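What follows draws every value from the coordinates through simple rules; no lab data is involved. Just so it is clear, the structure is predicted and the values come from calculations on it, not from any experiment.
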Amino acid sequence: MVTYNVWHVHHDESFWKNPFTFDPTRFLDEHGNLLPPEDEKRQRLLTFGIGKRSCVGEKLARVRIFLALTSLLQNFDLTRDPSEPFPSPDPRTYPCEFFMQPPPYKLQFKPRH
Ligand code: HEM
C-alpha cells in the first residue's frame, strides 16, 4: 500500500509562496487565466488524489460543486455576521481532530432578487 502526505504536498514551503494563505490567484497566469493542467502548481494540487487510484468521481464532483456554488452566488449575497468574529483562515490554528476544519462561524445569506 502506498500512502502520501497530502498536507505536506499542499503546504511545502520550499515550493509554494505563502502556503498558509488562501490565495486562489496562485493558480492563475499573468493574464488571469487558469494555469494549464501540466503546470507544476496544478500537478501538485492533489484534491482528488493522484495516479491509478485517484478519484473516479472527480468530473461529477467538479460539475456539481460548480453548479451548487454558482447557484448560491447568483441568488444570495453572502456576508459575515457582524456580531460574530470570523475564525482565522490559517488552518494551523484549527483543532486537530479526525477532520481538520475551522470552528463554527456564521454567514448571512441575503436573497439578491
Ligand atoms: C469534492 C468531492 C470529492 C473529493 C475531494 C474526492 C476525493 C477523493 C480522493 C482524494 C480519493 C482517493 C484517491 C487516492 O486513493 O489516491 C478518492 C477516491 C474515490 N472517489 Fe472521490 N472525491 C470526491 C467526490 C467523489 C464522487 C462524487 C464520487 C462518485 C460519484 C467519488 C468516488 C470515488 C471513488 C470510487 C474512489 C476510489 C477510487 C479507487 O480507489 O480506485 N468521489 N476521492
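Worth pointing out:
- Cα-derived Rg to Rh of region 1-55, Kirkwood definition: 0.99
- Dmax and Rg, reported as Rg then Dmax, of the chain (C-alpha, Å): 17.0, 52
- Report summary: the helix-based calculation at 222 nm, which adds -39500 (n - 2.57) for every DSSP H run with n ≥ 4 and divides by the residues of the chain, gives -6500 deg cm²/dmol.
- Remark on residue 28: its backbone amide H falls under 5 Å from those of 35, a criterion applied only to residues 5 or more positions apart or on other chains, H modelled at 1.01 Å from N.
- For residue 76, the residues whose modelled amide H falls within less than 5 Å of its own, excluding neighbours fewer than 5 places apart on the same chain, are 112.
- Residues of type lysines that residue 17 reaches as a straight line, Cα spacing below 30 Å, ignoring anything fewer than 8 places off in the same chain: 41, 52, 59, 106
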